[in-house]
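Below is one structure; the comments refer to it alone.
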Amino acid sequence: MPELFVGALCPGMRVLDVGCGEAWIGCEVERCGVRYVGVDVNRASLARASSRRLVAAGEGARLPFGDAAFDMVMLRAVLTVLVDEDELADVLREAFRVCRGGVGIQDFLQTWENPLYAGRYEEGFKLTGRHGVFPVREGDTLLYWARHFTLDELSGLIAQAGGDVAEVVEGPSPTRSGNLIRGVALLARTSI
């Protein structure tokens, strides 16, 4: 979990982890004296997590919680798999809706200086006409589409969702496949 997020946690807070998977980060959050709740669409992961943490089934674009129910909402490597603009906007709006404090985003930035990713971005642009969007494959099999952002792009998306970027930390970040690329952790506050 990014130090930026840890520094924003205070005992007694309620934190929602959107796209929690098996909720492994929950123990780190709970060590800060914070109540952790995870939400994910993958029911198999949630079944494994439910013995350790409070988790719920749900989609980031339609969170099953009331307004301002959490002090912080975390989106860790969630936005990268949202290549549809409307779905991305819905997920960010929902995060701000259920949050009375800050939204923490940890994701990937475009890494054009890495030839592997430059090639992926170029291929994705040829296929979609969109910058930073690319197919993720295993051999000849398409696993999913991914998206890497620029910091300006992320800031603009956050502003459209009703937030303002308060703090940003950039640094190396490992991908699913173990590659090290540019990453970002940021905290955003509601501007409404």
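Overview of values
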| quantity | calculated |
| --- | --- |
| Residues satisfying the stated conditions in the range 117-137, i.e. of a type in the set (A, V, I, L, M), within 23 Å of the chain's Cα centre (by Cα) and more than 20 Å from Leu151 (Cα to Cα) | Val136 |
| Number of the exception - Glu87 against (1) within 14 Å of the chain's Cα centre (by Cα); (2) in a helix (DSSP H, G or I); (3) modelled with pLDDT of 95 or more | (3) |
| Residue among Leu92, Leu75 that alone is part of a helix (DSSP H, G or I), in contact (Cβ under 8 Å) with a residue 40 or more places away in the chain, touching a strand residue (DSSP E or B) at 6+ places or on another chain (Cβ under 8 Å) and buried (at least 21 other Cβ atoms within 10 Å of the Cβ) | Leu92 |
| Subset of the range 95-132 [within 29 Å of Glu167 (Cα to Cα), surrounded by fewer than 18 Cβ atoms within 10 Å (Cβ to Cβ) and in contact with a strand residue (DSSP E or B) (Cβ under 7 Å, 6 or more places away or on another chain)] | Arg100, Asn114 |
| The range 1-44, subset closer than 22 Å to Pro174 by Cβ and of a type in the set (D, E, K, R), residue modelled with the highest pLDDT | Asp17 |
| Residues of the range 90-116 classified as over 16 Å from the mean Cα position of the chain (by Cα) and among the basic types (Lys, Arg), total | 1 |
| Single residue of the range 66-84 satisfying the filter (under 19 Å from Arg147 (Cβ atoms) and β-branched (Val, Ile, Thr)) that is nearest to the chain's Cα centre (by Cα) | Val78 |
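The values are calculated or read from the model by the stated rules, or taken from the named source; none is laboratory data. As the structure is a computational prediction, the values presented were derived from the model and not from experiment. Cβ coordinates were reconstructed from backbone atoms using ideal geometry, including for glycine residues, and neighbour counts include every protein chain displayed.
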